[in-house]
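Below is one structure, written out as structure tokens; the observations come after it.
No lab work stands behind these numbers, since they all come straight from the coordinates. Since we're looking at a predicted model, the values are computed, not measured. Positions of Cβ are generated from backbone atoms using ideal geometry, with glycine treated the same way; all protein chains shown enter the neighbour counts.
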């Protein structure tokens, strides 16, 4: 019941001309980013973050969320028509989608991808609507000790989303905490690592770091090689699936939706893992698995549904608890912080308009995306003909103005450039950069909560064992760390978001 | 070679941060002082650097760096951005970004001079229209007043 009244509040917020327009603009830009190979959703969100600054918080976050799920929709177009993933979660769609296009069934592949994305996206938002308030009700009992335990759990969960070397991921987490400490300590007034610089006394700017680390480094990786591909888009017809297509795709879509939503909830799950696992599941349950890789429509329907459902699932931990499970949700969390909103367990209670506005915008956004991806598919095909050399300088220009506009400080441009070059080198050395971002956002909140906890506790840190919720969260953290140690600090080949597609 | 240099950087940065944090102070009358968190983080960074230096299994497999043309494009992008950060206070945003765009377009997959100039002017004008016109942002002006 609370969910329904909340949802009505959300629709009340979102159904204004301005917010609807921004949701549409976000969906459009997100689809465009998903369609274009080379700029993944994470880099795009980082680069476009500044545009949302001058907007009210609700409008800004709604637009960013729309860019995220729009990119998930659009990623399939490039996979199907070019055999290049527009974003990393669409890698698996290339296998059967491109084969379908080669067989003259590009329209059916694009249609089933869009409809599957719509069904999965809507189902996952329905689940988000009813699941998030339950978590939110539980989270209202949180005080500083529980927040400390929750932040620690968030950092521990980050260990599970590390892709590649776990040791390198650990260094990134520690570095994120360390760099978050630069600036003036607001409690004691002590300067930390400022070396007398006024520019550093306010700390390193989150936006400059995000744009540099994810946006500029992505562009540097992209300009390394300029590749050309064959566009199979001469005759796209028959976007609406036939009865046979529906029969073959409905069950994979539903399985993909459930799987994607559940994997979205888990830290390190997210759209990429969901799409790969969905493909494996469809191959396993198929009567004739040998059709996969040769144009099986189930190989498009399942993964596309899964990666879109994972978006709804991944929103739950970040909106209900303030814990991001994927790099993109970590960036959304950062966007909330930049907008002056304190993310965490009380977010839903303190800002129901914002919380439910975001949820309602996802319903509306899914409808926009269906319209954008079916009747307007020809537009996206034309976009694929625009050379990268035309697009990337414009993106760079936006990032420079955006970084400068946050504080009107040229020093931030140097921070952006330094993090861009560092990000490029670290990505070449296969460091996962997302844990850095999560640690950078969570560390100041953890430090503040720990101080509040110790001030209110006569027994020092032992208060953590005297409060049931905190004790359980700490115990879960210990178990997760123990499992991690038992597994060994080995290299992971799947899970998390390895690198955004840069092709 | 570069990987070893990066690992060495972690060791030096971590050790320096831990030392500086120690001087700030680790604990105060109400628990952690300003130095505690960065001290612990610094130790982790340094320890991670040591571990990465020693453990060969974490070294990057099949590491590929770009060829000469690739490096030219990368350095072109970095150089253009550095130029822009340096030039904005003297030339203003519009002129600095126009020159930056020309550098970028000539470095990465260069086309004709005419298309370069047209694209540079159009993209700078579009950026100004979006941020100054639509979002009402004040960008630094140069000696020519824009």
Label chain A by shape, choosing from rounded, prolate and oblate, from the square roots a ≥ b ≥ c of the eigenvalues of the Cα gyration tensor; if a/c is under 1.5 it is rounded, and otherwise prolate applies when a/b is larger than b/c, oblate when it is not.
prolate
Given the options B:116, B:60, B:107, which has the most mean-square fluctuation in a GNM of chain B, springs set between C-alpha atoms less than 10 angstrom apart?
B:60
With each run of n ≥ 4 DSSP H residues scored as -39500 (n - 2.57), what mean residue ellipticity at 222 nm is computed for chain A after dividing by its residue count and rounding to the nearest 500 deg cm²/dmol?
-23000 deg cm²/dmol
Relative contact order for segment B:1-125 using alpha-carbon pairs under 8 Å, separation at least 6, rounded to a whole percent?
19 percent
Convex hull over the Cα atoms of segment B:85-146, averaged projected area in nm²?
4.4 nm²
When a footprinting reagent is the concern and you count Cβ atoms within 10 Å, what order do A:412, A:199 take, fewest first?
A:199, A:412
Compute the Cα gyration tensor for segment A:238-391, then decide on rounded, prolate or oblate, letting a ≥ b ≥ c be the square roots of its eigenvalues: rounded whenever a/c is under 1.5, prolate when a/b is larger than b/c in the other cases, and oblate in all that remain.
prolate
Average partner coverage of B:85-98, which counts Cβ from other chains inside 10 Å
2
Find the centroid of the Cα atoms in segment A:317-356 and in segment B:88-112, then give the distance between the two in whole Å.
38 Å
How well do other chains shield peptide B:119-128, expressed as the mean number of their Cβ atoms within 10 Å of each residue Cβ?
3
As a footprinting exposure proxy, order A:422, A:320 by other Cβ within 10 Å, with the fewest listed first.
A:422, A:320
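Tell me, what is the percent relative contact order of segment A:2-494, built from C-alpha pairs under 8 Å that lie six or more residues apart? Please report the intermediate quantities before stating the final value.
Details: 941 pairs, mean separation 142.2, N = 493.
Taking the mean separation of contacting Cα pairs over the length of segment A:2-494, I get 29 percent.
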Rounded if a/c under 1.5, otherwise prolate or oblate - segment A:349-484, Cα gyration tensor axes
prolate
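So what is the calculated 222 nm ellipticity per residue for chain B, using -39500 (n - 2.57) for each DSSP H run with n of 4 or more, over all residues, to the nearest 500 deg cm²/dmol? List each step's numbers first, then the result.
Values: 4 runs with 98 residues, N = 146.
Theoretical 222 nm ellipticity from helices: -23500 deg cm²/dmol.
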Could the peptides B:32-42, A:63-73 be put in order, highest first, of the mean number of other beta-carbon atoms found within 10 Å of their residues?
A:63-73, B:32-42
Arrange the following residues from fewest to most other Cβ atoms within 10 Å of their Cβ: A:484, B:101.
A:484, B:101
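Send over the Kirkwood Rh of chain B, from the inverse of the averaged 1/r over different Cα pairs, rounded to one decimal Å.
Numbers: mean 1/r = 0.0510 Å⁻¹.
Over chain B, the inverse of the mean reciprocal pair distance is 19.6 Å.
If you count, for every residue in B:40-49, the Cβ atoms of partner chains within 10 Å of its Cβ, what is the mean?
On the way: counts 3, 11, 6, 2, 7, 10, 2, 4, 9, 3.
The shielding value for this peptide is 6.
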Can you tell which of B:77, B:121, B:50 shows the greatest fluctuation in a Gaussian network model of chain B with Cα springs below 10 Å?
B:50
